[in-house]
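Would you mind keeping the following structure in view while I ask a few things?
The values are calculated or read from the model by the stated rules, or taken from the named source; none is laboratory data. Just so we're clear, the structure is a prediction, and the values are computed from it rather than from any experiment. Backbone-built Cβ (ideal geometry, glycine too); neighbour counts: all protein chains shown. Note: areas computed on protein heavy atoms with side chains; ligands, DNA, RNA excluded. Shrake-Rupley method; radii C 1.70, N 1.55, O 1.52, S 1.80 Å.
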Amino acid sequence: MIEMTIARIAEIVGGELAGITAEEAAATRVTGTVEFDSRAIGPGGLFLALPGARSDGHDFVGVPAIIVTPEPGAADAASGALEFDTDGSGAAVLAALAKLAAAVAAELVTGGLTIIGVTGSSGKTSTKDLLAAVLEPLGQVIAPPGSFNNELGHPWTVLRATPDTDYLILEMSARHPGNIAALAAIAPPQIAVVLNVGTAHLGEFGSREAIANTKAELPQAVPASGVVILNVDDTAVAAMAGKTAARVVRVSREPGSEVDVWAGPVALDDLARPRFTLHAAGDEAAVALAVHGDHQVGNALCAAAVALECGAGLDQVAAALAGAGPVSRHRMQVASRADGVTVINDAYNANPDSMRAGLKALAWMARQNPGEPAFDQGGKRRSWAVLGEMAELGDDAITEHDAIGRFAVRLDVSRLIVVGTGRAMNAMHHGAVMEGSWGSESTMVDDADAALALLQAELQPGDVVLVKASNSVGLGALADALVAGQDRNADR
């Protein structure tokens with residue numbers, strides 16, 4: 001964050017000073033980072049005291065500069081606190097955080113900062129990581145760790161930027177209409193990227209059209225002087241070209257009269273890493289991605305389009321993409337164990353579109369023969385899909401989980417482990433059984449521990465395992481345990 005006095009922060013956020021005089025506040029500067037985890041606070045940091053599910057930030061009041069929701073005695077313990085009237089939910093603290101981030105962003109933009117916003121129903125985090133890689137050769141980059149893309153993580157990421165930052169990448173998610181517009185208002189992007197419109201959070205929005213309208217809030221927030229990158233392979237995204245005043249750059253897997261950046265024929269290696277020719281402005285360059293899955297092609301094209309807009313050359317972009325391996329944990333991380341078992345850890349999040357992408361990558365890897373794995377009767381490696389619930393699908397949950405079970409059968413997945421016993425998971429299991437007339441190929445287990453025990457008992461050398469679910473299911477630890485079960489070379 002830029003250096004700022006406590007008095008100036010109080011003015012920006014509308015807080016009342018407590019435990020510090022006006023003179024002291026005018027002389028005391030915040031020189032460190034803004035944190036909501038007291039363990040991360042260093043000298044000169046600003047602490048956000050928020051109520052949490054496991055602990056309350058008020059219990060850690062006492063660091064140099066604090067935004068705190070008032071509780072009896074809390075402000076008295078603080079050395080320079082800013083108080084807000086609130087019901088204890090933390091809403092006022094988040095509002096103050098947004099105001100502070102907006103002020104910092106506005107000041108940094110005048111100094112030359114370029115803000116890039118990314119949204120989409122799936123692929124935001126992977127694209128954010130690719131963006132960071134292709135922009136790093138051009139200057140200092142700040143990007144959120146993991147999926148910091150909501151009303152807390154978004155402004156927190158903005159406040160990581162300093163006067164030395166050249167590019168600020170912001171990932172934007174939404175659970176309700178207006179969410180993306182609100183995030184964009186904090187740090188208006190000069191460049192926006194829209195990846196796709198799927199069915200993530202369908203239960204919250206009610207329809208795909210409502211999701212598309214909400215995703216369109218990002219290109220609508222870009223000024224006429226800015227640029228909007230659209231993945232036009234998604235027709236709902238392509239339609240957003242008419243909803244922005246900014247210049248539109250279209251990317252696609254296929255050439256077209258209106259397409260600006262596109263990929264030549266795509267091939268996958270034995271670990272489903274795409275290879276293709278990148279085309280832009282009459283030039284071309286060979287690209288060999290280090291990330292896994294055919295769906296990463298669209299993400300890479302969008303990242304490439306942004307880098308080209310920021311002044312990178314095509315060969316420079318291709319080289320950066322080749323060196324950009326998986327960064328964020330539990331998102332298409334592939335590890336090959338010493339016994340030949342391959343684990344695809346994509347357990348951080350799941351919706352129908354990303355679930356299908358993960359299953360396609362699993363099926364592809366199972367058809368490859370990089371060594372001497374154990375083969376099933378079909379002459380390929382055995383494949384395991386360990387799947388948990390896709391959350392927030394509302395009334396479509398039963399239908400969508402049934403469809404995923406059937407999709408696994410159509411891809412000829414050897415074994416399906418359905419983790420959980422609710423109605424949605426029952427639908428996934430029965431969908432698989434009805435589609436394939438399987439015997440014991442689809443198995444339901446109560447929880448991740450039961451799934452892990454089954455795998456440890458039945459995995460054979462050379463098997464390929466996909467672990468995927470919404471983060472709340474907690475399958476990331478299962479995938480980590482599978483990988484840790486043997487010596488391995490991760491992301492070989």
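What does the C-alpha gyration tensor say about the overall shape of the stretch 114-264? Classify as rounded when a/c is under 1.5, otherwise prolate if a/b is larger than b/c, or oblate.
In terms of gyration-tensor shape, oblate.
Of the cross-linked pairs K99/K243; K215/K468; K124/K215; K215/K360; K128/K360; K215/K243, which ones have a Cα-Cα span greater than 20 Å in the structure shown?
Exceeds cut-off: K99/K243; K215/K468; K215/K360; K128/K360.
Skipping prolines and chain starts, which residues have an amide H placed within reach, meaning under 5 Å, of the one on R273, given they are 5 or more residues away or on another chain?
Here the answer is G293, since their amide H atoms fall under 5 Å of that of R273.
Related question: Of the listed peptides 464-470, 124-130, what is their order by residue-averaged count of other C-beta atoms within 10 Å, with the highest listed first?
Result, highest mean Cβ count within 10 Å first: 464-470, 124-130.
Turning to a different aspect of this structure: Just the accessible area per residue of the stretch 112-323, please: how many Å² with a 1.4 Å probe?
In whole numbers, the stretch 112-323 has 34 Å² accessible per residue.
Using a 1.4 Å probe over the heavy atoms of the protein chains, calculate the carbon and sulfur portion of the accessible area of the stretch 112-323 as a whole percent.
49 percent
Still on this structure, I have one more. Please state, to two decimals, what the Cα-based radius of gyration of the stretch 212-354 comes to when divided by 2.2 N^0.38 Å (N = residues).
So the Cα radius of gyration is 1.13 times the expected 2.2 N^0.38 Å.
Taking the Cα centre as origin and putting +1 on Lys and Arg beta-carbons and -1 on Asp and Glu beta-carbons, what dipole magnitude results for the chain, to the nearest 20 debye?
1120 debye
Using θ = phi - 60° and the Karplus form 6.51 cos²θ - 1.76 cosθ + 1.60, what ³J(HN,Hα) does each residue of the stretch 132-143 get, whole Hz, x for Gly and Pro?
Result, rounded to whole Hz: 4, 5, 7, 8, 4, x, 8, x, 6, 10, 10, 9.
Restricting to bridges with both residues inside the stretch 112-323, how much of the DSSP beta-bridge set is antiparallel, in percent to the nearest 5?
Here the antiparallel bridges make up roughly 35 percent for the stretch 112-323.
Normalised by the residues of the chain, what does the relative contact order come to in percent, with Cα pairs under 8 Å and at least six apart?
Relative contact order of the chain: 11 percent.
When the distances between all Cα atoms of the stretch 417-487 are binned every 5 Å from zero, what whole-number percent does each bin get?
For the stretch 417-487, the pair-distance distribution reads 3, 14, 25, 25, 18, 10, 3, 0.
Residues in the stretch 404-434 near a label at I398, defined as backbone nitrogen under 17 Å from the 7 Å Cα→Cβ point?
Backbone N within reach: 404-406, 421-434.
OK, next. Using the Karplus equation 6.51 cos²θ - 1.76 cosθ + 1.60 (θ = phi - 60°), what ³J(HN,Hα) coupling, rounded to whole Hz, does each residue of the stretch 345-353 give in order, writing x for Gly and Pro?
9, 10, 8, 6, 8, 7, 9, x, 5
Output the direction-averaged projected area (hull surface divided by four) of the convex hull of the alpha-carbon atoms of the stretch 333-485, in nm².
The directionally averaged projection comes out at 7.8 nm².
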